[in-house]
1. Of the residues that make up segment 156-175, is at least one more than 17 Å from residue 30 (Cα to Cα), in contact with an Asp or Glu (Cβ under 7 Å, 6 or more places away or on another chain) and buried (at least 19 other Cβ atoms within 10 Å of the Cβ)?
2. Among the residues of segment 30-37, is there at least one that is among the small types (Gly, Ala, Ser), over 19 Å from residue 214 (Cα atoms), assigned to a loop (DSSP other than H, G, I, E, B) and in contact with a Lys or Arg (Cβ under 6 Å, 6 or more places away or on another chain)?
3. Select from segment 198-215 the residues that are of a type in the set (Gly, Ala, Ser) and either in contact with a Ser or Thr (Cβ under 7 Å, 6 or more places away or on another chain) or surrounded by fewer than 18 Cβ atoms within 10 Å (Cβ to Cβ) (or both) and list them in ascending order.
4. Among the candidates 222, 195, 218, which residue alone is of a type in the set (Lys, Arg), farther than 29 Å from residue 174 by Cα and surrounded by fewer than 19 Cβ atoms within 10 Å (Cβ to Cβ)?
5. Could you check how many residues of segment 50-82 are within 16 Å of ligand 2 (Cβ to nearest atom) and within 26 Å of residue 195 (Cβ to Cβ)?
6. Read through the list (1) at pLDDT 95 or above; (2) within 22 Å of residue 48 (Cβ to Cβ); (3) more than 16 Å from ligand 1 (Cβ to nearest atom), then give the number of the only condition that residue 140 fails.
7. I'd like the residue in segment 1-10 that is modelled with pLDDT of 95 or more and not charged (D, E, K, R) and, out of all such residues, is surrounded by the most Cβ atoms within 10 Å (Cβ to Cβ).
8. Hey, does segment 123-138 have a residue that's among the polar types (S, T, N, Q), in a helix (DSSP H, G or I) and farther than 15 Å from residue 171 by Cβ?
Amino acid sequence: MLRIEDLSVSYGNVQALSGIHLEVKQRGVLHGVIGPNGAGKSTLMDAITGRRKPTSGKVFIDGQDITRRSVHWRRRMGMSRSFQRTSIFPGLTVRDQLELVASQLGEPNLDEIVDAFELRAVYDEQADSIAYGDQRRVDVALAMVGKPSLLLLDEPAAGLSTTETIALFEHLRTLVERRGVTALVVEHDVDAVFRFCDSITALDLGQLIVTGKPVDVRSDQRVITAYLGTAA
Ligand SMILES: Nc1ncnc2c1ncn2[C@@H]1O[C@H](COP(=O)(O)OP(=O)(O)OP(=O)(O)O)[C@@H](O)[C@H]1O
Ligand SMILES: [Mg+2]
């Protein structure tokens, strides 16, 4: 589904990513990306969405080389990412926002998304007036609209409590499976990542340390040293 070959990205003199190889073969899976601050996680997401041009390497979706494709082209072919979008249309209700995006993208089953993210209670509230945790759920729900084939989420649970984070990942997991969406999620709450992701990539200093199942990544000595610490 997604294949990344020998991907490198630099910002001037800063080598943010070097020689990354990554493959996510299946649909309907949640793939976590972890690593310390500055590891290159956001840069990886930006290189996949096309926001950031790689200095070398290639990105393939379903076998097609998309490295030189525009952000818009990628979006049209089914790539979606979350934005903190709840405040870009001030005054709109949660319903208005979701219905607007659903009609733009031809979403056949908005109810499924609204129910999965438990948004009924705030559906007719103004999106910028609801609680922070509810706003983050709306953001992720918006990114799910239109049945994307690949969904990229960069710290969707930032600022949420542990309970809210677990709930968000539970909702995400359910929908990813039900809709056959492949989702890449950057997250610092490692307990949530290890519990809900099917596979995980750990980065450090722009290098890929390991990709594997949660149980294997969690016990990988290099991941423990670079990121998890001895308590993990
Ligand atoms: N626009 C930029 N200009 C210059 N250097 C940048 C830029 N964005 C990121 N970097 C550098 O590239 C490296 C990777 O940054 P990146 O934001 O991808 O890390 P990250 O893993 O997402 O970190 P965090 O967990 O803090 O979000 C870091 O050394 C960072 O300082
Ligand atoms: Mg980041």
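1. Scanning segment 156-175, I find no residue that is more than 17 Å from residue 30 (Cα to Cα), in contact with an Asp or Glu (Cβ under 7 Å, 6 or more places away or on another chain) and buried (at least 19 other Cβ atoms within 10 Å of the Cβ), so the answer is no.
2. Taking segment 30-37 as the starting set, the residues that turn out to be among the small types (Gly, Ala, Ser) are 32, 35.
Now narrow it down to the ones that are over 19 Å from residue 214 (Cα atoms): none.
No, segment 30-37 contains no residue that is among the small types (Gly, Ala, Ser), over 19 Å from residue 214 (Cα atoms), assigned to a loop (DSSP other than H, G, I, E, B) and in contact with a Lys or Arg (Cβ under 6 Å, 6 or more places away or on another chain).
3. Filtering segment 198-215 for residues of a type in the set (Gly, Ala, Ser) gives 199, 202, 206, 212.
Correct list: 199, 206, 212.
4. On the way: 195 fails: farther than 29 Å from residue 174 by Cα; 218 fails: farther than 29 Å from residue 174 by Cα.
None of the others qualify; the one that does is 222.
5. As a first pass, look at segment 50-82 and keep what is within 16 Å of ligand 2 (Cβ to nearest atom): 51-52, 81-82.
Okay, now just the ones that are also within 26 Å of residue 195 (Cβ to Cβ), so 81-82.
Summing the residues that are within 16 Å of ligand 2 (Cβ to nearest atom) and within 26 Å of residue 195 (Cβ to Cβ) in segment 50-82 gives 2.
6. Only one criterion in (1) at pLDDT 95 or above; (2) within 22 Å of residue 48 (Cβ to Cβ); (3) more than 16 Å from ligand 1 (Cβ to nearest atom) is unmet by residue 140, namely (1).
7. Kept after step one, since they are modelled with pLDDT of 95 or more, are these residues of segment 1-10: 2-10.
Of the ones still in play, those that are also not charged (D, E, K, R) are 2, 4, 7-10.
Numbers: 2: 21, 4: 22, 7: 24, 8: 17, 9: 22, 10: 15.
Looking at residues that are modelled with pLDDT of 95 or more and not charged (D, E, K, R), I get 7.
8. Yes - at least one qualifying residue is present in segment 123-138.
The values are calculated or read from the model by the stated rules, or taken from the named source; none is laboratory data. Everything quoted here is computed from the prediction, not taken from an experiment. With ideal geometry, Cβ positions are generated from the backbone for all residues, glycine too; neighbour counts draw on all protein chains shown.
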